[in-house]
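Reading through the structure tokens given below for one structure.
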Amino acid sequence: MKLKYLSLFNNCKIFEAAIKEVFPDAKCVGFSEIDRFAISVYQNHYPNHKPLGDITKIDIYSLPDFDLMVCGFPCTNLSIAGNRKGLEGEQSKLFYNAIDILKAKKPKYFIFENVESMSNANRNIITKTIKAIYPDTYLIMINGALVSAQARKRYFWTNFYVEPPEDKKIFLKDIMQPESEINKKYYLKKSQIEIVKRIIE
């Protein structure tokens, strides 16, 4: 029996890449995304996946049943790099639309993901809200630096335990392309560098 999943705020298919790695025959019942560039990239890889559009306009009760819901809801108002309006912010409050789907459809499994730099208050609200539906919810933090050259801490809420990956000890020097292999057309001209300097200053 194939795993069926719903993908919310999927951007350019990050969750899909992971799902297909573990469950190559998994079937996506639909994906929700509104950024046209992200949708273009996504559909280039998965042209047969059904676009559901804006999550606020999804008819929840018309959704087919699914086994797994993945949701990387907007961090815009939660991140330390954002405006810190939290779950009351215009983008990050879409978390509650995802919760409405989770509550109505009650899939066997779920994964919510967001930035570790959010406030403790918002983290606790998210945890409490999900636990009201799935009492046995795990909250774990995984740093992308364990499997890449970038420090990227993320919270994951799931109803199944996830073992953090082993540290692959990948550093920036390991992924840098040698200068000798870079085409000169990608270098900034002196005049362009001066423009960038003025912008920074």
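Since every read-out is calculated from the coordinates, none of them should be taken as a lab result. Keep in mind it's a predicted model, so treat the numbers as computed, not measured. With ideal geometry, Cβ positions are generated from the backbone for all residues, glycine too; neighbour counts draw on all protein chains shown.
Close amide H pairs (under 5 Å, H built 1.01 Å from N) link GLY53 with GLU33, residues at least 5 positions away or on another chain. Dividing the Cα radius of gyration of the chain by its Kirkwood radius returns 1.02 for Rg/Rh.
Just for the chain, what percent of DSSP beta bridges are antiparallel, to the closest 5?
Working: 11 of 25 bridges.
That works out to approximately 45 percent antiparallel.
Take the chain, mark every one of the chymotrypsin sites (Phe, Trp or Tyr not before Pro) that falls in a DSSP loop and has at most 13 other Cβ within 10 Å, then report the longest stretch left between them, sites excluded. Mind showing how you got there, number by number?
On the way: sites that count: PHE160, TYR161, PHE171, TYR187.
Maximal segment without exposed cleavage sites: 1-159.
Remark: the Cα gyration tensor places region 71-117 in the oblate category, a/c being 1.5 or greater and a/b not exceeding b/c.
In this structure the amide hydrogen of VAL115, modeled in the peptide plane, comes within under 5 Å of the amide hydrogens of TYR155, none closer than 5 places in sequence on its chain. The label point for MET1 and the one for ASN124, both projected 7 Å from the Cα toward the Cβ, are 4.0 nm apart.
Classified by the C-alpha gyration tensor, region 1-102 has a prolate form. Its axis ratio a/c, with a ≥ b ≥ c, is 1.5 or above, and a/b is larger than b/c. Here is the list for region 1-53: trypsin sites (Lys or Arg not before Pro) lying in DSSP coil, each with at most 14 other C-beta atoms within 10 angstrom of its C-beta, are LYS2.
By the helix-only formula, in which each DSSP H run with n ≥ 4 contributes -39500 (n - 2.57) and the sum is divided by residues, the chain has a 222 nm mean residue ellipticity of -8000 deg cm²/dmol. Restriction of the GluC sites (Glu not before Pro) in region 41-123 to DSSP coil positions whose beta-carbon has at most 13 other beta-carbons within 10 angstrom yields GLU90.
Of the trypsin sites (Lys or Arg not before Pro) found in region 55-116, the ones in coil according to DSSP and having at most 16 other Cβ atoms within 10 Å of their Cβ are ARG84, LYS85, LYS108.
A cut-off of 5 Å between modelled amide H atoms, ignoring neighbours fewer than 5 places along the same chain, links LYS4 with LYS27, ASP67, LEU68.
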